1. Per-residue counts of other Cβ atoms within 10 Å, averaged by peptide: what ranking do you get for 217-229, 95-107, 67-79, highest first?
2. Which of the pairs LYS39/LYS64; LYS64/LYS157; LYS127/LYS225; LYS39/LYS183 have their Cα atoms more than 28 Å apart in this structure?
3. Report, to the nearest whole %, how much of the accessible area of segment 39-184 belongs to carbon and sulfur atoms, 1.4 Å probe, protein only.
4. Would you mind working out the accessible area per residue for segment 43-188, using a 1.4 Å probe, and quoting it in Å²?
5. As a test of the definition: which semi-axes, in Å, follow for segment 133-210 when you take the square root of five times each eigenvalue of its alpha carbon gyration tensor? Largest first, please.
6. Taking the alpha-carbon centroid of each part, what is the distance from segment 143-188 to segment 63-127 in angstrom?
Amino acid sequence: MLPFVYVLLRSFWTGTGVTLQPYYEVFLGTPQYLFRFWKSMGMALCIAAGQLLISVLAGYGFAKYRFPGRSLLFFLMMILMTLPVQVMLIPNYLMLTNLRLIDTYAALILPSVFIPLGTFILTQSFKSISESVIDAAMLDGCGVPRVLALVAVPMNKSGMVCVFLLSFLDAWNMVEQPIAYLKDFGQYPISVALAYTPPADTTVHLVCCVLVVLPALFLFTYFNKELVEGIVLAEVK
(Lines give C-alpha, C1' and ligand atoms only; values in the text may rest on other atoms or scores of the structure.)
Protein backbone atom coordinates (compact mmCIF):
# COMPACT_ATOMS: atom_id res chain seq x y z
CA MET A 1 0.00 0.00 0.00
CA LEU A 2 2.83 2.42 0.83
CA PRO A 3 4.45 2.21 -2.64
CA PHE A 4 1.08 2.98 -4.23
CA VAL A 5 0.58 6.02 -1.96
CA TYR A 6 4.10 7.21 -2.76
CA VAL A 7 3.53 6.86 -6.51
CA LEU A 8 0.19 8.65 -6.24
CA LEU A 9 1.62 11.57 -4.28
CA ARG A 10 4.79 11.79 -6.38
CA SER A 11 2.75 11.84 -9.59
CA PHE A 12 0.96 14.97 -8.38
CA TRP A 13 4.16 16.80 -7.49
CA THR A 14 6.32 18.93 -9.75
CA GLY A 15 8.98 21.45 -9.03
CA THR A 16 6.45 24.30 -9.00
CA GLY A 17 3.71 22.63 -7.00
CA VAL A 18 0.78 20.27 -7.36
CA THR A 19 -0.66 19.74 -10.82
CA LEU A 20 -2.94 17.37 -12.71
CA GLN A 21 -1.02 17.84 -15.96
CA PRO A 22 0.61 14.34 -15.86
CA TYR A 23 -2.85 12.77 -15.55
CA TYR A 24 -4.04 14.78 -18.53
CA GLU A 25 -1.03 13.58 -20.54
CA VAL A 26 -1.71 9.93 -19.74
CA PHE A 27 -5.50 9.85 -19.97
CA LEU A 28 -6.12 12.40 -22.74
CA GLY A 29 -3.01 13.98 -24.19
CA THR A 30 -1.05 10.84 -25.16
CA PRO A 31 -3.32 8.03 -26.41
CA GLN A 32 -0.51 5.47 -26.61
CA TYR A 33 -0.66 4.82 -22.87
CA LEU A 34 -4.39 4.11 -22.81
CA PHE A 35 -4.16 2.12 -26.04
CA ARG A 36 -1.58 -0.24 -24.54
CA PHE A 37 -3.59 -0.35 -21.30
CA TRP A 38 -6.79 -1.49 -23.04
CA LYS A 39 -4.91 -4.03 -25.18
CA SER A 40 -3.46 -5.50 -22.00
CA MET A 41 -6.88 -5.42 -20.35
CA GLY A 42 -8.43 -7.32 -23.26
CA MET A 43 -5.69 -9.94 -23.14
CA ALA A 44 -6.07 -10.44 -19.38
CA LEU A 45 -9.88 -10.69 -19.65
CA CYS A 46 -9.61 -13.29 -22.43
CA ILE A 47 -7.20 -15.36 -20.32
CA ALA A 48 -9.41 -15.08 -17.22
CA ALA A 49 -12.58 -15.99 -19.13
CA GLY A 50 -10.94 -18.92 -20.92
CA GLN A 51 -9.38 -20.26 -17.75
CA LEU A 52 -12.69 -19.93 -15.89
CA LEU A 53 -14.57 -21.85 -18.60
CA ILE A 54 -12.06 -24.70 -18.64
CA SER A 55 -11.86 -24.75 -14.85
CA VAL A 56 -15.65 -25.01 -14.52
CA LEU A 57 -15.89 -27.96 -16.92
CA ALA A 58 -12.84 -29.79 -15.58
CA GLY A 59 -13.62 -29.01 -11.94
CA TYR A 60 -17.20 -30.29 -12.21
CA GLY A 61 -15.96 -33.46 -13.90
CA PHE A 62 -13.38 -34.17 -11.21
CA ALA A 63 -15.85 -33.37 -8.40
CA LYS A 64 -18.95 -35.25 -9.56
CA TYR A 65 -17.85 -38.06 -11.88
CA ARG A 66 -15.95 -41.29 -11.27
CA PHE A 67 -13.85 -42.55 -14.17
CA PRO A 68 -10.71 -44.66 -14.59
CA GLY A 69 -7.55 -42.72 -13.83
CA ARG A 70 -9.39 -39.87 -12.13
CA SER A 71 -7.19 -39.83 -9.03
CA LEU A 72 -4.02 -40.14 -11.10
CA LEU A 73 -5.01 -37.26 -13.38
CA PHE A 74 -5.86 -35.06 -10.42
CA PHE A 75 -2.52 -35.93 -8.79
CA LEU A 76 -0.63 -35.07 -11.97
CA MET A 77 -2.53 -31.78 -12.18
CA MET A 78 -1.45 -30.94 -8.64
CA ILE A 79 2.16 -31.66 -9.60
CA LEU A 80 1.83 -29.23 -12.51
CA MET A 81 0.66 -26.59 -10.03
CA THR A 82 4.03 -26.78 -8.27
CA LEU A 83 6.04 -26.06 -11.43
CA PRO A 84 7.19 -22.44 -11.81
CA VAL A 85 6.23 -20.68 -15.01
CA GLN A 86 9.88 -20.55 -16.13
CA VAL A 87 9.95 -24.37 -16.47
CA MET A 88 7.20 -24.26 -19.10
CA LEU A 89 8.63 -21.43 -21.20
CA ILE A 90 10.72 -23.59 -23.53
CA PRO A 91 8.09 -26.35 -24.11
CA ASN A 92 5.45 -23.71 -24.73
CA TYR A 93 7.77 -21.79 -27.04
CA LEU A 94 8.42 -24.90 -29.16
CA MET A 95 4.71 -25.69 -29.32
CA LEU A 96 3.76 -22.11 -30.25
CA THR A 97 6.51 -22.03 -32.88
CA ASN A 98 5.07 -25.14 -34.53
CA LEU A 99 1.62 -23.55 -34.43
CA ARG A 100 3.06 -20.30 -35.88
CA LEU A 101 1.67 -18.24 -33.04
CA ILE A 102 4.89 -16.59 -31.88
CA ASP A 103 4.65 -12.77 -31.77
CA THR A 104 0.86 -12.80 -31.41
CA TYR A 105 -1.39 -12.36 -28.39
CA ALA A 106 -2.59 -15.93 -28.94
CA ALA A 107 0.87 -17.03 -27.74
CA LEU A 108 0.08 -15.42 -24.39
CA ILE A 109 -3.58 -16.42 -24.17
CA LEU A 110 -3.64 -20.10 -25.18
CA PRO A 111 -1.04 -21.51 -22.72
CA SER A 112 -2.43 -19.38 -19.89
CA VAL A 113 -6.01 -20.67 -20.07
CA PHE A 114 -4.86 -24.20 -19.18
CA ILE A 115 -3.22 -23.32 -15.84
CA PRO A 116 -4.47 -25.97 -13.35
CA LEU A 117 -4.99 -23.74 -10.29
CA GLY A 118 -8.54 -22.81 -11.29
CA THR A 119 -9.46 -26.45 -11.85
CA PHE A 120 -8.15 -27.36 -8.41
CA ILE A 121 -10.11 -24.57 -6.68
CA LEU A 122 -13.39 -25.34 -8.47
CA THR A 123 -13.03 -29.08 -7.94
CA GLN A 124 -12.92 -28.47 -4.22
CA SER A 125 -15.79 -25.99 -4.44
CA PHE A 126 -18.09 -28.23 -6.50
CA LYS A 127 -17.64 -31.01 -3.95
CA SER A 128 -19.61 -28.88 -1.49
CA ILE A 129 -22.76 -29.19 -3.64
CA SER A 130 -25.00 -31.96 -2.33
CA GLU A 131 -25.64 -34.91 -4.62
CA SER A 132 -29.33 -34.74 -3.68
CA VAL A 133 -29.60 -31.28 -5.26
CA ILE A 134 -28.11 -32.53 -8.53
CA ASP A 135 -30.30 -35.67 -8.48
CA ALA A 136 -33.39 -33.52 -7.93
CA ALA A 137 -32.49 -31.33 -10.91
CA MET A 138 -32.01 -34.41 -13.11
CA LEU A 139 -35.37 -35.81 -11.99
CA ASP A 140 -36.93 -32.55 -13.15
CA GLY A 141 -35.56 -33.24 -16.64
CA CYS A 142 -32.29 -31.30 -16.59
CA GLY A 143 -29.38 -32.77 -18.48
CA VAL A 144 -25.77 -32.34 -17.43
CA PRO A 145 -25.27 -28.99 -19.26
CA ARG A 146 -28.39 -27.52 -17.63
CA VAL A 147 -27.45 -28.85 -14.20
CA LEU A 148 -24.05 -27.26 -14.55
CA ALA A 149 -25.38 -23.94 -15.87
CA LEU A 150 -28.51 -23.59 -13.70
CA VAL A 151 -27.54 -25.36 -10.47
CA ALA A 152 -23.81 -25.89 -9.95
CA VAL A 153 -22.54 -22.55 -11.27
CA PRO A 154 -25.06 -20.31 -9.42
CA MET A 155 -24.38 -22.19 -6.17
CA ASN A 156 -20.64 -21.67 -6.55
CA LYS A 157 -20.32 -17.96 -7.29
CA SER A 158 -17.56 -17.37 -4.74
CA GLY A 159 -15.34 -20.06 -6.22
CA MET A 160 -15.85 -18.74 -9.73
CA VAL A 161 -15.13 -15.16 -8.74
CA CYS A 162 -11.99 -16.36 -6.94
CA VAL A 163 -10.74 -18.20 -10.03
CA PHE A 164 -11.53 -15.27 -12.32
CA LEU A 165 -9.73 -12.77 -10.10
CA LEU A 166 -6.63 -14.90 -9.57
CA SER A 167 -6.33 -15.71 -13.28
CA PHE A 168 -6.90 -12.07 -14.28
CA LEU A 169 -4.27 -10.79 -11.86
CA ASP A 170 -1.80 -13.45 -12.95
CA ALA A 171 -2.33 -12.47 -16.59
CA TRP A 172 -2.23 -8.76 -15.81
CA ASN A 173 1.15 -9.07 -14.08
CA MET A 174 2.82 -11.55 -16.46
CA VAL A 175 6.40 -10.70 -17.38
CA GLU A 176 8.34 -13.74 -18.58
CA GLN A 177 5.83 -14.90 -21.21
CA PRO A 178 5.66 -11.64 -23.22
CA ILE A 179 9.46 -11.38 -23.26
CA ALA A 180 9.80 -14.99 -24.44
CA TYR A 181 6.94 -15.17 -26.95
CA LEU A 182 6.74 -11.64 -28.40
CA LYS A 183 9.38 -10.10 -30.63
CA ASP A 184 7.66 -6.80 -31.41
CA PHE A 185 7.94 -4.25 -28.59
CA GLY A 186 4.63 -2.77 -29.69
CA GLN A 187 2.92 -6.01 -28.69
CA TYR A 188 4.23 -5.98 -25.13
CA PRO A 189 1.54 -5.64 -22.48
CA ILE A 190 1.73 -2.69 -20.14
CA SER A 191 3.24 -4.79 -17.33
CA VAL A 192 6.40 -5.23 -19.42
CA ALA A 193 6.36 -2.11 -21.58
CA LEU A 194 6.67 0.30 -18.65
CA ALA A 195 9.83 -1.43 -17.44
CA TYR A 196 11.39 -1.30 -20.93
CA THR A 197 10.45 2.30 -21.72
CA PRO A 198 12.87 4.95 -20.42
CA PRO A 199 10.64 7.65 -18.96
CA ALA A 200 11.04 10.98 -20.73
CA ASP A 201 9.02 12.48 -17.88
CA THR A 202 9.31 10.72 -14.52
CA THR A 203 5.99 12.12 -13.31
CA VAL A 204 4.13 10.82 -16.37
CA HIS A 205 5.82 7.46 -15.93
CA LEU A 206 4.62 7.28 -12.32
CA VAL A 207 1.07 8.12 -13.39
CA CYS A 208 1.27 5.13 -15.75
CA CYS A 209 2.26 3.02 -12.74
CA VAL A 210 -0.87 4.26 -10.97
CA LEU A 211 -2.87 3.27 -14.05
CA VAL A 212 -1.45 -0.26 -13.86
CA VAL A 213 -2.33 -0.58 -10.17
CA LEU A 214 -5.96 0.54 -10.54
CA PRO A 215 -7.51 -2.70 -11.96
CA ALA A 216 -5.99 -4.88 -9.23
CA LEU A 217 -6.92 -2.37 -6.54
CA PHE A 218 -10.51 -2.18 -7.78
CA LEU A 219 -10.95 -5.95 -8.07
CA PHE A 220 -9.51 -6.70 -4.65
CA THR A 221 -11.62 -3.98 -3.05
CA TYR A 222 -14.91 -4.80 -4.76
CA PHE A 223 -14.67 -8.61 -4.71
CA ASN A 224 -12.71 -9.08 -1.49
CA LYS A 225 -15.49 -11.09 0.21
CA GLU A 226 -15.95 -13.52 -2.70
CA LEU A 227 -12.19 -13.97 -3.06
CA VAL A 228 -11.75 -14.89 0.61
CA GLU A 229 -14.77 -17.23 0.58
CA GLY A 230 -13.55 -19.03 -2.54
CA ILE A 231 -10.06 -19.59 -1.14
CA VAL A 232 -11.38 -20.74 2.26
CA LEU A 233 -13.86 -23.13 0.64
CA ALA A 234 -11.10 -24.67 -1.49
CA GLU A 235 -8.85 -25.10 1.55
CA VAL A 236 -11.56 -26.64 3.75
CA LYS A 237 -12.53 -29.25 1.20
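The values are calculated or read from the model by the stated rules, or taken from the named source; none is laboratory data. Just so it is clear, the model here is predicted, and its values are computed rather than measured. Glycine also receives a Cβ, built like all others from the backbone with ideal geometry; neighbour counts cover every protein chain displayed. For accessibility, only protein heavy atoms count, side chains too; no ligands or nucleic acids. Shrake-Rupley method; radii C 1.70, N 1.55, O 1.52, S 1.80 Å.
1. 95-107, 217-229, 67-79
2. Values: LYS39/LYS64 38 Å; LYS64/LYS157 17 Å; LYS127/LYS225 20 Å; LYS39/LYS183 16 Å.
Violating the 28 Å limit, Cα to Cα: LYS39/LYS64.
3. 71 percent
4. 51 Å²
5. 45, 15, 8
6. Segment 143-188 and segment 63-127 have Cα centres spaced 12 Å from each other.
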